[in-house]
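What follows is a set of notes on a single structure, which appears directly below.
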Amino acid sequence: MGNVLVVGSINVDYVIHTDRLPRLGETLVGRDFAMNFGGKGANQAVALAKSGCRVKMLGAVGNDTAGELAIKNLEDCGVDTAAVLRVARPTGAAVITVCDGDNHIILDAGANDCITPETVLKNEALFDWADVLVMQYEIPTPSVLCAAGLAKSKKKTVILNPAPAKEVDAALYALVDWLIPNEFEVQLITGIEPSSKSETARAMAALRQMGCKNAVVTLGKRGCAYHLADEVAYAGVFPVQSVDTTSAGDSFIGGFCTALCDKKDAAEAVLYASAVAAITVSRAGACVSIPTAAEVREFLRTNRIEQI
């Protein structure tokens with residue numbers, strides 16, 4: 001397995017379940033409240049570590065109880081947190097309402113905003129160590145651009161999850177080896193809704209025109225589309241009962257990166273990532289729902305993907 005550096009967010013998720021979303025000014029009674037450990041960066045780091053990669057995390061938490069617990073969770077999952085900063089800001093928070101298996105999320109970046117380009121450059125040794133850099137947009141985007149540039153200068157593989165989607169310096173895309181957006185993010189980036197195979201292929205062609213070398217677009221219940229050399233290929237989903245989709249995308253990215261580190265091709269990487277995501281959505285929670293490599297191997301042995 002490879003060495004993976006995750007530069008990204010660490011949050012604590014405050015989750016409540018409800019049968020429907022409240023209207024403006026309405027108060028609903030929810031159920032099954034839980035405090036879970038999350039943040040897209042932390043989730044992806046956990047997914048990588050649980051699959052057997054050597055993972056180091058560059059991020060930040062507050063000098064508070066939530067931050068202490070978040071770091072302990074990462075360490076318990078096998079993530080090296082020596083480069084995680086403790087700062088005078090609240091630990092990042094996500095307030096999540098789960099309704100019919102889908103999640104609705106509001107973020108407060110908190111300490112995550114303290115990951116500056118200067119922070120990235122001070123940790124150059126991490127980039128020398130890593131084979132692959134994994135990032136998201138829950139830290140300041142100038143820091144994402146700085147980290148991608150530093151990684152590429154050292155000939156490292158760069159994987160970017162452009163979430164939450166936002167406008168960024170167009171130069172970033174040329175530094176990305178694998179861009180992994182979901183169907184909503186790719187529409188915001190390209191202006192093309194991936195409502196059919198032909199429109200999905202058109203959106204993926206637009207990503208390459210923007211400079212991305214390769215992309216995987218996750219399409220929810222429709223599976224995903226991915227670049228396979230000069231073609232666009234499609235994969236379906238494993239039929240599971242969805243319980244909580246909170247970290248589905250993050251677990252997919254962790255699984256995909258793990259397979260690439262294990263020298264798998266894009267088709268094999270997508271299959272493995274789809275299995276990781278399928279197991280994750282069948283369980284409640286964020287980090288805690290992500291499976292181990294042994295669980296994924298057993299799942300692949302006994303389940304078949306449904307093609308779209």
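Every number here is computed from the coordinates shown, using simple stated rules; none is lab data. Keep in mind that what you see is a predicted model, and the values were worked out from it rather than measured. Every residue, glycine among them, receives a Cβ derived from its backbone with ideal geometry; neighbour counts consider all protein chains shown.
In terms of other Cβ atoms within 10 Å, F256, F238 run from fewest to most in the order F238, F256. Ranked by how many other Cβ atoms sit within 10 Å of their own Cβ, fewest first, the residues V144, V134, V98 fall in the order V98, V144, V134. Peptides 215-223, 192-200 ranked from most to least packed give 215-223, 192-200, packing being the mean of other C-beta atoms within 10 angstrom over each peptide's residues. The slack in the chain from W129 to E268, taken as 0.36 nm per residue of separation less the alpha-carbon distance, amounts to 47.5 nm. Here the spin labels are modelled as points 7 Å beyond Cα on the Cα-Cβ line, and at I105 and K221 they lie 2.1 nm apart.
When shorter helices are ignored and each DSSP H run of at least 4 residues is given -39500 (n - 2.57), the per-residue value for the chain at 222 nm works out to -10500 deg cm²/dmol.
Taking the Cα centre of segment 150-308 as origin and assigning +1 to Lys and Arg Cβ atoms and -1 to Asp and Glu Cβ atoms, the resulting dipole is close to 360 debye.
Between A174 and T302, the simple label model (points 7 Å from Cα in the Cβ direction) yields a spacing of 5.0 nm.
With r as the distance between the Cβ atoms of E199 and V95 and R0 = 35 Å, compute the FRET efficiency 1/(1 + (r/R0)^6) and round to 0.05.
After rounding, the FRET efficiency stands at 0.60.
Spin-label model, T65/K122: points 7 Å from Cα along the beta carbon direction are separated by 2.9 nm.
For segment 141-244, DSSP calls about 60 percent of its internal beta bridges antiparallel.
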